Amino acid sequence: MAKVVLNDGNSTRLEYLWPLRFAVGWMFLDGGLRKAVLKPAKLDPTSPSFVGGKLVNFLPHAGPFKQFLLMVLENHSLNVTFLTIFSYVEIIAGFLIIIGLFTRLASFGAAVMAFGMAPAYWLGSTCEDEWQIGSLLTAGAIVLMLTASGRVWGLDYFLFKKFGDRPIANLPILRWIKLW
């Protein structure tokens, strides 16, 4: 029986994922920078710009995150801490995706953040645009995680060349998630 080759000679090259890697990384980097660096009042609970109020609006749509959000909202210091950590994780994940370092791990974190915010995409007057952006961020982060796009035009190239594939942990599902 002859081997069937699908799409012979027309495989997609990882270089083509650079625009996606940059766009997904930039969206997370920019989202975190806007809160933590460019307008720190968004993380100041005494400011009218504090983003903690968005968690209150998100609560009815939180689904499986409802209990966690209730705990965060009831504890003011936890509210500020959670939002600050979330903003800095956005910055770190976005930056790592852009430079292609630990791209799979950073993309996994980005996908979890994007998926976690998914119920909130329906809120606000521009809910259709927010839903579209959130869906693309989730899908883009998953594609980057699965393809190891940081191995081309990224710093993961050097890690892969030196160490080969390395799983995040030797546990059943975490064995699938490679560091680079």
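The values are calculated or read from the model by the stated rules, or taken from the named source; none is laboratory data. Quantities reported herein were computed from a predicted structural model and do not represent experimental measurements. We place every Cβ from the backbone using ideal geometry, glycine too, and count neighbours over all the protein chains shown. Areas reflect the complete protein model, heavy atoms only, side chains present, ligands, DNA and RNA absent. Shrake-Rupley method; radii C 1.70, N 1.55, O 1.52, S 1.80 Å.
If I ask for residues that are in a helix (DSSP H, G or I), aliphatic (A, V, I, L, M), in contact with a Gly (Cβ under 9 Å, 6 or more places away or on another chain) and open to solvent by less than 60 Å² (accessible area, probe 1.4 Å), which ones from region 74-112 would you list?
Matches in region 74-112: 80, 83, 91, 93, 96, 97, 98, 99, 106, 110, 111.
Just need a number here: residues in region 164-178 that are in contact (Cβ under 8 Å) with a residue 40 or more places away in the chain and either assigned to a loop (DSSP other than H, G, I, E, B) or farther than 14 Å from residue 106 by Cα (or both).
The qualifying residues number 2.
Within region 53-65, can you find the residues that are open to solvent by 80 Å² or more (accessible area, probe 1.4 Å) and either farther than 20 Å from residue 109 by Cα or outside any helix (DSSP H, G or I) (or both)?
Matches in region 53-65: 54, 56, 57, 60, 61.
Please indicate, with yes or no, whether at least one residue in region 11-21 is closer than 17 Å to residue 116 by Cα, modelled with pLDDT of 90 or more and open to solvent by less than 30 Å² (accessible area, probe 1.4 Å).
So far as region 11-21 goes, no, none of its residues is closer than 17 Å to residue 116 by Cα, modelled with pLDDT of 90 or more and open to solvent by less than 30 Å² (accessible area, probe 1.4 Å).
Give me the pairs: first residue in region 57-74 and in contact (Cβ under 8 Å) with a residue 12 or more places away in the chain, second residue part of a helix (DSSP H, G or I) and among the polar types (S, T, N, Q), beta-carbon distance under 7 Å, and six or more apart or on different chains, which are they?
72/79; 73/79
Go through region 147-163 residue by residue and tally those that are open to solvent by 90 Å² or more (accessible area, probe 1.4 Å), free of Cβ contacts under 8 Å to residues at least 60 places away in the same chain and either farther than 19 Å from residue 21 by Cβ or of a type outside the set (Ser, Thr, Tyr) (or both).
Residues that pass the stated criteria total 3.
Looking at residue 73, is it closer than 28 Å to residue 144 by Cα and out of contact with any strand residue (DSSP E or B) (no Cβ under 8 Å at 6 or more places or on another chain)?
So residue 73 does not fit the description; no.
Mind listing whichever residues of region 42-52 are open to solvent by less than 30 Å² (accessible area, probe 1.4 Å) and part of a helix (DSSP H, G or I)?
43, 52
Here is a list: 109, 100. Which entry is closer than 28 Å to residue 35 by Cα, in contact with a Leu (Cβ under 7 Å, 6 or more places away or on another chain) and modelled with pLDDT of 80 or more?
None of the other options fit; the residue is 100.
Inspect region 125-145 for any residue being out of contact with any His (no Cβ under 8 Å at 6 or more places or on another chain) and not in a helix (DSSP H, G or I) and give the result as yes or no.
For region 125-145, residues out of contact with any His (no Cβ under 8 Å at 6 or more places or on another chain) and not in a helix (DSSP H, G or I): present.
Looking only at region 165-180, filter to residues that are touching a strand residue (DSSP E or B) at 6+ places or on another chain (Cβ under 9 Å) and open to solvent by less than 60 Å² (accessible area, probe 1.4 Å); which one of those is farthest from residue 151 (Cα to Cα)?
Among them, the one singled out is 174.
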